[in-house]
Amino acid sequence: MGTTELEPRLAEMDAAGIDVGLLSVSELGTYRRDRKDADVELAKRYNDEVLEGAAKHSPRFRVALTLPFPHGEECLAEFERLKDEKLVKGVIAFSATEHYTLDDPALDPLYSAMGEAGLPLYLHPAFDHLPRLPVFADWKLNLGIAPMVETSSNAARLMLSGSLDRAAELT
């Protein structure tokens with residue numbers, strides 16, 4: 001991430017009276033079980049680049065890591081690699097639902113490690129499966145309601161499945 005790419009954000013933050021911003025990826029793409037190698041490499045590259053960019057403008061930016069969901073072991077490995085970086089303030093998870101859900105037991109070790117590290121999980125709307133369904137085709141429902149339904153479904157699944165109980169320290 002080049003220094004010049006963040007300069008406009010700094011000016012906007014100053015104009016709005018914002019001291020610190022959280023950098024996160026807008027979305028890696030559709031999370032799928034059949035793209036593990038590509039997802040792992042993309043997450044590593046993103047995290048390295050965004051941490052470099054944030055460090056150049058420290059103390060103005062912090063980082064939410066992106067992980068190669070739904071690949072539990074690989075998510076944990078990437079988290080462990082970077083969890084102690086001082087600018088890391090959490091993990092962002094996109095609420096995709098077509099190929100997996102966030103309550104997958106393979107993600108439990110990740111959630112436990114995040115809880116132990118005191119780092120939160122941020123759920124972010126995804127433009128995955130639901131926005132493509134015909135019921136959301138009109139009146140921009142694919143942008144307004146579908147992402148909220150997908151995110152709410154993943155949050156409910158995390159709560160009702162016991163995932164959050166098994167990682168009690170996770171915030």
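The values are calculated or read from the model by the stated rules, or taken from the named source; none is laboratory data. Remember, predicted model here, so these are calculated numbers, not experimental data. All Cβ positions, glycine included, derive from the backbone under ideal geometry; neighbour counts span all protein chains shown. Accessible surface areas use protein heavy atoms only, side chains included; no ligands, DNA or RNA. Shrake-Rupley method; radii C 1.70, N 1.55, O 1.52, S 1.80 Å.
Observations, loosely collected:
- Loop trypsin sites (Lys or Arg not before Pro), region 68-171 (other Cβ atoms within 10 Å of the site Cβ: 13 or fewer; DSSP): Lys86, Lys140
- Share of alpha-carbon pairs per 5 Å distance bin for the chain, given as whole %: 1, 9, 16, 19, 18, 16, 12, 7, 2, 0
- Full-extension gain in nm, Asp19 to Leu160, via 0.36 nm per residue minus C-alpha separation: 47.1 nm
- Taking all Cα pairs closer than 8 Å and separated by 6 or more residues, the relative contact order of region 57-171 comes to 28 percent.
- Counting only protein heavy atoms and a 1.4 Å probe, region 74-135 has 43 square angstrom of accessible area per residue.
- Ranking His124, Ser152, Ala15 by Cα position along the charge dipole of the chain, where only Lys, Arg, Asp and Glu carry charges on their C-beta atoms, puts Ala15 farthest toward the positive end.
- Close amide H pairs (under 5 Å, H built 1.01 Å from N) link His124 with Ala93, Phe94, Ser95, residues at least 5 positions away or on another chain.
- Span from the region 52-123 Cα centroid across to the region 128-165 one, whole angstrom: 20
- Net dipole in debye of region 53-160 [+1 Lys, Arg Cβ; -1 Asp, Glu Cβ; about Cα centre; nearest 20]: 660
- Sparsely packed loop sites in region 84-171 (the chymotrypsin sites (Phe, Trp or Tyr not before Pro) outside DSSP H, G, I, E and B with at most 14 other Cβ atoms within 10 Å) comprise Trp139.
- Cβ crowding within 10 Å averaged over residues, with 45-55, 68-78, 11-21 ranked highest first: 68-78, 45-55, 11-21
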